[in-house]
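Right, one structure below, let's go through it.
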Amino acid sequence: MQGLVCVVASQTNSFRAVLLLNLVLESLLAAGYALSGGAKGDSPVFVAILGLNLSFNVRERSRREPIPLTREHRQKNDEVGFNFYTQQYEYHPTGEFDIAVTEPDSNYELAKIGDGRSAFVETKIVAFIGRLRELSIRRRVKAEIDARRQVIAEAKAAEERRQAELRTQALKRLKHVEEWVTQLERANRLRSLADKFQTEKLSSNDGVVDAGWIRRAADWLDPTVGRRWDDVDGPRDESVE
């Protein structure tokens with residue numbers, strides 16, 4: 001069963017490892033969880049607990065013992081000034097086991113149980129499967145909460161974009177209105193000048209600019225009037241097709 005269980009044990013304690021493996025499988029089946037796998041025969045097998053796919057690792061603990069360096073090795077290290085010969089270790093089986101669960105194709109341990117001073121790991125497997133069910137429920141709830149938060153965040157971002165667009169449009173309109181204000185002020189000043197030209201019967205030296213010319217210019221500038229001014233816009237095309 002590739003992927004479902006990884007067993008690491010010494011030859012001396014391999015029989016207990018097999019018994020642990022069998023107990024894990026029996027406990028899973030008794031709890032109503034079936035083994036699953038991909039359509040291809042070489043796909044990893046896993047157990048699904050409420051949608052959470054899990055693999056089990058049964059490992060024997062080992063005790064690490066350093067191997068002393070020989071006199072020659074220590075002398076060589078002293079001569080070269082660094083550890084030309086590095087520290088080596090021997091690993092001795094302890095007969096103590098841990099059972100850990102990971103997601104398929106992952107080395108991150110989601111949960112683990114093991115032999116303790118007061119109880120062997122065999123006595124903890126049933127409760128361990130119950131813990132895995134709770135873990136699956138928590139993961140599912142968290143995924144649902146994260147999904148809702150994502151929806152809320154996307155809606156908030158969309159609203160912020162909408163507000164930013166409204167602000168941009170409002171500032172553009174304000175700038176346009178401010179231009180209208182400037183044009184209106186210029187138009188009113190021209191009308192005041194036109195009144196003075198009319199009262200005092202003034203005109204430019206060439207006689208072109210008079211009160212009427214100034215009023216036409218004012219009406220052309222005034223955004224509330226927007227009258228056509230032939231001197232700027234050109235004469236109307238009154239031809240009839």
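Which condition number does Arg133 fail, the rest of (1) charged (D, E, K, R); (2) surrounded by 12 or more Cβ atoms within 10 Å (Cβ to Cβ); (3) over 30 Å from Leu29 (Cβ atoms) being met? Unmet condition: (3).
Among the residues of the stretch 205-236, how many are polar (S, T, N, Q) and touching a residue at least 24 places away in the same chain (Cβ under 8 Å)? Steps first, answer last, please.
The first filter runs over the stretch 205-236 and keeps only residues polar (S, T, N, Q), leaving 205, 224.
Pick out the ones that are also touching a residue at least 24 places away in the same chain (Cβ under 8 Å) and you get 224.
So the answer is 1.
Applying the selection to the stretch 102-122, what residues are among the small types (Gly, Ala, Ser) and in a loop (DSSP other than H, G, I, E, B)?
Of everything in the stretch 102-122, those that are among the small types (Gly, Ala, Ser) and in a loop (DSSP other than H, G, I, E, B) turn out to be Ser106, Gly116, Ser118, Ala119.
Of all the residues in the stretch 202-219, those that are closer than 13 Å to Ser192 by Cα and among the β-branched types (Val, Ile, Thr) number 1.
Within the stretch 62-106, how many residues turn out to be within 30 Å of Arg139 (Cβ to Cβ) and either surrounded by 14 or more Cβ atoms within 10 Å (Cβ to Cβ) or not small (Gly, Ala, Ser) (or both)? Give the derivation first.
The first filter runs over the stretch 62-106 and keeps only residues within 30 Å of Arg139 (Cβ to Cβ), leaving 96-106.
With either surrounded by 14 or more Cβ atoms within 10 Å (Cβ to Cβ) or not small (Gly, Ala, Ser) (or both) added as a condition, the list becomes 96-105.
Counting residues in the stretch 62-106 that are within 30 Å of Arg139 (Cβ to Cβ) and either surrounded by 14 or more Cβ atoms within 10 Å (Cβ to Cβ) or not small (Gly, Ala, Ser) (or both) gives 10.
Here Ala127 meets the list (1) among the small types (Gly, Ala, Ser); (2) assigned to a helix (DSSP H, G or I); (3) in the same structural domain as Leu54 (by TED's automatic domain parsing) almost entirely, failing just condition (3). In the stretch 107-129, the qualifying residues are those that are surrounded by 12 or more Cβ atoms within 10 Å (Cβ to Cβ) and small (Gly, Ala, Ser), and the one that is farthest from the chain's Cα centre (by Cα) is Gly114.
The values are calculated or read from the model by the stated rules, or taken from the named source; none is laboratory data. Since the model is a prediction, treat every value here as computed from it, not as a measurement. Heads up, the Cβs are rebuilt from the backbone with ideal geometry, glycines too, and the neighbour counts pull from every protein chain shown.
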